[in-house]
Amino acid sequence: MGMQRSYKCERVIERLHKKVNRQVVASLEACVHCGMCTDQCHYVLANPGDVTYMPSYKADKLRKFFKAHIDWTGRTFPWWVSARSLYTDQELEELKDTVFGKCTNCRRCSINCPMGVDMATFNRMARGLLVSVGVMPEGVAVVAKDQWEIGNQMGVLREDYIDTLTWMEEELQAEHNDPAIKIPIDKMDCDVVYSINPREVKYDPRTIADAALIFHVAGENWTMASEGWDMTNFGLFNGDDDLGGAVARRCYEATENLRGKKLVISECGHGYRSTRCEGQNWGQKDIPFAMESSVITMLRYIKEGRIKVDKTTNTEPVTYHDSCNNARSCGMTEEPRELLNLVCTDFREMHPNRAENFCCTGGGGAMSMSEYTPRRLKSAAVKAAQLKATGAKCVVTSCHNCVDGLTDLIRHYELGMKVTQLVNLVANALIIPERRHAAAVGGLEGYKILLADDEPDTLAYFETVLADHGAQVILATDGDEALDLARKEKPDLITLDLSMPGRDGGEVFEILRKDPVLSQTKVCIITGKPELRRLIYDRPVPPPEGYLTKPVSEDDLMLNVRKVLEHTHHES
Amino acid sequence: MDALYHLDTTSPLLQFAEDKLQIIALSFMALVYIFKVKWILSFKAGKERQAPTGNPRTTAQKGAVYSLFNIFMPWSMPSTRQHPFFYLQFGIFHVAVGTSIAMSIIIPYFPQLIANEAVIFALQVLFGLGCVIGLGRFIRRTVSPYIRAISTPDDYFSVALLTVWLAFAFMAAPNNRAETEFWLLGYFFLTAFFLFYVPFSKISHYIFYPFTRWYLGKTLGRRGVYPLPLNAGNEPLSRLFANTKPLEGK
């Protein structure tokens, strides 16, 4: 009598037959188990001796299952080719651990396979099979749900999005004393519709301001859409083509509805790949407009003389990290370098680079899977070695996932580098009538701010910056002290570190939100552990008004604190 | 067959093994391959709707062609570049296998092509090296924990079969019927077995190779990745054959 198969396994098998196409079948059949892919994977290099990280071992998890159901030899003589079907939910969990937790779909093994086996593609397919029966890391489920329901993967509400754009517009106008600088929303018949990553709204609004400034100086006829503005696509990560298609269509339809001539995609590796290269295939949609990465747009502006730059404003030694999606799946390797050489005085290549670069380890949705963080950071030893060897002080990347992944590993390996994007460097090098002085954007007189952090240096730094701008600053070094001081002082804003002795930031945050007196107090999370975001956003209380990832520059701290104090309002 | 020569010195069993048996085995293999190709073509190929990206020197067609011939460019992939000796073994082994298959046709129908002693010597060097490499591959598959973890019975059997077959090819190459009929018989029976077995084993990877390579190349060509420039990782000479070592520490 055969083994009893679980309901989920039955569904996965049904779905497998529908999902495989010719490319995937050929890839699943062609592997000769030569092992040439082995030392091309960052997980393997960082975990010597652990065979479970081998690309072909990971691929075999799906291959065995495929052979058991689709391949003739596997169906007839399963033991001969180690074919094995899936029977239990536990096996699905093990498959989940492999395809989500031990691979970032970076495609480095694919381009290193002598047989041309595209392991990343069928790893994504395996993810999709699991997602179809609800087997996935919790973080993946949360992000996918937000993208399905709210329309963007970080659950940014329309109101907050518009507020942020308005705030950035006001900031730009104030900084440059120029009311003509606009961030247009839903303007019809523009030459450029600019789409962004919701991370920019939530954690990094400066990139929006920088892009807006560049568009303004270039004299571009541009706009942003009030709907369908998110060019990221979690469908790429969770393997769900339906989600991928729906998200891409939203973005395309927003551009069509505005009668835009070109969709410009901000710096995001997976967003660029999803929107530019995959979305039309997932969504089965042809589009009447062109699409372009903002990197290419900025380079074009300089070449066409629409903007002028002064590279001496960026003298720090910088290196460039190629996002896997940009380099190995979209062929965007030369434009960022050309641009970097135009806006920086000291650009140093990282080795290997371009299509042979190693993953930042934050790709494939890894930043949303906190359960795999220790593995991710361990595997990041390869990227850390690459970064360290450059001697650069700053790493530039055209991808928001890479920004988070690199920031995390730089902190973990104590490399003392900062991470930035090309848009920031171009904006900094931009020749405009007045230079920007973000830190001098205004005072904080009359505001009382409670800083909670267990690192004395961090507290001292934040205190100095905020006090210099006129705020009354109160300090707490652990969660309990923060709660006591909050009740006693009733500050206008509380900044919370997530990892603190005693009650952690997440607990303190929830208590504050549930406290009838303090529930309306504005909170800005400032953490060195971005993977813990979920611990805040999953709580059954309204989300914090602000969020920053350490290290925080003075400009970013001031911009975000002012935004929280002056522009945000509570979500109920 | 009329082309068969020295029938007078060839035993009926060897005549059968080198002629009819080979034809039957080859026909069988071809038939199964036809079914196999038909089977893979029965799966729908994915299509790309988007406009091409990347460098104008890259196109879907150029990418596909580059990808197909990528195996002959060991510099194009870190996996082959960093393991030149392994790549060399790969090359010799596959040339030996291909030559041995060719020899199974040459011996009965065009024996004059390998009548020269120098040619026989060259063949024996090639088969001998192939055999040693095959043995090495078998040992590697058994000893390396990485390769052992991914090996199936078919993997072990296939490499063992080819190794033994190359040993017989080595012995059969002189084609001396009076003295080496045992080896010739073994060689032809093994060839026939090989041809019957191949379509169901991993040895048939070459049937899938054009598909995987073509589609990967087409996709990456359209997306501006393939053909890769000569030194795709932009590696300095000092690092060209070295892999990145992880940072020591946490």
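Taking the centroid of alpha carbons for each part, the range A:69-96 and the range A:249-328 are 41 Å apart. In terms of its Cα atoms, the range A:452-572 spans 34, 29, 29 Å along the principal axes, sorted from long to short. Computed from the Cβ-Cβ distance with R0 of 41 Å, the FRET efficiency linking residue B:24 to residue B:44 stands at 0.75. The tail of the calculated P(r) for the range A:143-222 beyond 16 Å holds 53 percent of all Cα-Cα pairs. Going by accessible surface with a 1.4 Å probe and the largest first, A:115, B:171 read B:171, A:115.
Per DSSP H run of n ≥ 4, the term is -39500 (n - 2.57); total these for chain B, divide by its residue number, and report the mean residue ellipticity at 222 nm rounded to 500 deg cm²/dmol. Numbers along the way, then the final one.
Details: 10 runs with 157 residues, N = 250.
When only DSSP H runs of four or more count, the value is -20500 deg cm²/dmol.
Restricting attention to the protein assembly as shown, close to 5% of DSSP beta bridges with both partner residues there are antiparallel. For the residue pairs A:182/A:303; A:96/A:383; A:383/A:529; A:303/A:550; A:529/B:245; A:58/A:285, the alpha carbons lie more than 28 Å apart in A:303/A:550; A:58/A:285.
Applying 1/(1 + (r/R0)^6) with R0 = 25 Å to the Cβ-Cβ distance of residue A:284 and residue A:262 gives a FRET efficiency near 0.70. To the nearest 10, the accessible area of residue A:113 is 10 Å² with a 1.4 Å probe.
The C-alpha atoms of chain A define a longest principal axis, and helix A:241-257 lies at about 40 degrees to it. Straight Cα distances below 18 angstrom link residue B:47 to the aspartates and glutamates A:118, A:240, A:241, A:242, A:278, A:286, with same-chain residues fewer than 8 positions distant left out.
Suppose every Lys and Arg Cβ carries +1 and every Asp and Glu Cβ carries -1, with no other charges. What dipole size does the range A:7-136 come out with about its Cα centre, to the nearest 20 debye? Present the calculation step by step, with values, prior to reporting the outcome.
Values: 19 positive and 13 negative charges, 82 e Å.
Taking the Cα centre of the range A:7-136 as origin, the dipole is about 400 debye.
FRET efficiency for the pair residue A:539 and residue A:162, taken as 1/(1 + (r/R0)^6) with r the Cβ-Cβ distance and R0 = 22 Å, rounds to 0.30. When nucleic acids and ligands are ignored and a 1.4 Å probe is applied, residue B:73 ends up with an accessible area of around 40 Å². Taking amide H as placed 1.01 Å from N in the peptide plane, the amide H of residue A:430 sits under 5 Å from that of A:310, each at least 5 places away or on another chain.
The C-alpha atoms of chain A define a longest principal axis, and helix A:479-489 lies at about 30 degrees to it. Multiplying the residue separation of residue A:488 and residue A:308 by 0.36 nm and removing their Cα-Cα distance gives an extension gain of 59.5 nm. For residue A:487, the accessible surface of its heavy atoms amounts to roughly 110 Å² (probe 1.4 Å, protein chains only, rounded to the nearest 10).
When the dipole is taken about the Cα centre of the range A:34-96, and only Lys, Arg (+1) and Asp, Glu (-1) are charged at their Cβ, what size is it in debye, to the nearest 20? Using Cβ point charges on Lys, Arg, Asp and Glu, the range A:34-96 gives about 260 debye. For the range A:37-74, the residues whose backbone nitrogen is under 16 Å from a point 7 Å from the Cα of residue B:35, taken along Cα to Cβ, are A:70-74. The value of relative contact order for chain B, using C-alpha pairs under 8 Å at least six residues apart, is 40 percent. Simple rule: put +1 on each Lys or Arg Cβ and -1 on each Asp or Glu Cβ in chain A, find the dipole, and look at A:494, A:294, A:112; the Cα lying farthest toward the positive end is A:112.
Give me the percent relative contact order of chain A, please, defined on Cα pairs under 8 angstrom at least 6 residues apart.
Working: 1079 pairs, mean separation 63.9, N = 572.
In percent, rounded to a whole number, it is 11.
In this label model, residue B:117 and residue B:238 are separated by 5.3 nm, measuring between points 7 Å along each Cα→Cβ vector. In summary, the lysines within cross-link reach of residue A:522, defined as a Cα separation below 18 angstrom excluding same-chain residues under 8 places away, comprise A:202, A:448, A:488, A:490, A:514, A:563.
Ranking B:69, B:106, B:96 by Cα position along the charge dipole of the range B:22-150, where only Lys, Arg, Asp and Glu carry charges on their C-beta atoms, puts B:69 farthest toward the positive end. The distance separating the Cα centre of the range B:25-65 from that of the range A:488-510 comes to 58 Å. Separation of the range A:111-149 and the range A:1-61, taken as the distance between their Cα centroids, equals 12 angstrom.
Convex hull over the alpha-carbon atoms of chain A: what's its volume per residue in Å³? Intermediate values should be presented prior to the final figure.
Details: hull volume 87.0 nm³, N = 572.
In chain A, the Cα convex hull volume per residue is 152 Å³.
Over all orientations, the range A:7-136 has a Cα convex hull whose mean projected area works out to 7.3 square nanometres. Rounded to the nearest 100, the interface formed by chains B and A buries 6200 square angstrom of accessible surface, both chains summed, with a 1.4 Å probe.
Find the percent of Cα-Cα distances in the range A:438-502 that exceed 20 Å, and round it to a whole number. When every Cα pair of the range A:438-502 is considered, 25 percent fall beyond 20 Å.
The values are calculated or read from the model by the stated rules, or taken from the named source; none is laboratory data. These numbers come from a predicted model, not from an experiment. Reconstructed Cβ throughout: ideal geometry from the backbone, glycine too, with neighbour counts over all protein chains shown. Side chains included, ligands, DNA and RNA excluded: accessible areas come from the protein's heavy atoms. Shrake-Rupley method; radii C 1.70, N 1.55, O 1.52, S 1.80 Å.
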